[in-house]
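Let me begin by presenting the structure, written as structure tokens, before commenting on it.
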């Protein structure tokens, strides 16, 4: 059986070089007897292809003349349509149009020669009509099947493209705020905006190195992933932006890139919920988990730097002081500046820490955020978008 199969597939392998591309192998695997020997000798598929298309164009036309014109030949000339259709498979569309034009010229020529070629072919009218229906129906069906195949392939390609587009958009939205992602997709410009008032939060796991010294690497990653995933959910709940994570440090901002008048209040709620979650996780896991958090408010600049591996970032003295609030804070406490305390004191209880020496800024007065006042009310959560 294998020998028979090899013999049957031999014509399809004639003229194929080992270095041919898959597309070129496909084009070379459709030989006909008319030029098979030339093709096998030269392995030049373009002349061979031209000959096949030319035969497909002229043979039905010649049969039309020999059989007595359009009617007596049962419109066999319509089989010449296989030539421009085949050209669309193997040639660029611009070249295939010339084969389509040749087909139209051939049909017009057959019609013009019909009075001169018409002669009886001794076939009854019903048989001529039956062949007419067969020729037109067969060619039409083949064209429709080919068209349906390519429409199906096109729809499948669009479906896969849509899936990949959704994946890329979701990945982009995981990296950047929605507003910034839309600008990057639709515009080619530098993204940089100033914000008159925003709030910045930094939080960091205290004693991370000794805490994880006896943990396996995958356990450390799993722990941080659980914590920061919950922080991400809280950030989405209060409609604030996660800016980045660096090791065991988490940074978030409110009021950028969407301007929010209650930005400080949103971050206060976020910080308190973060601390509550860490307290619950510490009790559940038995690990000595403590986070140190700092918040500051004021004017900042937000934007995207670079063209590769870009991220949305924020800059300014307010950001630096927010980082100092965290690094020079107290474990399991939320330290805030006077600027933030003034914005949230109506809704939250703030405990005065006093004057501390902030690196790079000198003496500053700071407070600890203790909790929400009884009548503070919940902060507005992220709207559906």
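FYI, it's all coordinate maths here, none of it is from the lab. What you see is a predicted model; the values in this text were computed from it and never measured. A quick note on method: Cβ atoms are made from the backbone with ideal geometry, for glycine too, and the neighbour counts reach across all protein chains shown.
Observations on the structure shown:
- Alpha-carbon centroids, the range 239-262 and the range 74-92: separation in whole Å: 62 Å
- Efficiency of FRET between residue 142 and residue 109 - r from beta-carbon atoms, R0 35 angstrom, step 0.05: 0.95
- In this rough spin-label picture, where each label sits 7 Å from Cα along the Cβ direction, the residue 66-residue 320 distance is 9.3 nm.
- Shape class of the range 191-372 from the Cα gyration tensor (axes a ≥ b ≥ c, square roots of the eigenvalues): oblate, since a/c reaches 1.5 or more and a/b does not exceed b/c.
- Exposure proxy order (Cβ contacts within 10 Å, fewest to most) of 373, 359: 359, 373
- Residue-span extension gain [residue 118 to residue 305] - 0.36 nm each, minus C-alpha spacing: 59.5 nm
- Prolate/oblate/rounded label for the range 314-360 (Cα gyration tensor, a/c 1.5): oblate
- Take each peptide in 284-294, 268-278, 223-233, count the other Cβ atoms within 10 Å of every residue, and average; sorted highest first, the result is 268-278, 284-294, 223-233.
- Estimated at 0.36 nm per residue, the fully extended path between residue 129 and residue 373 surpasses their Cα-Cα distance by 78.5 nm.
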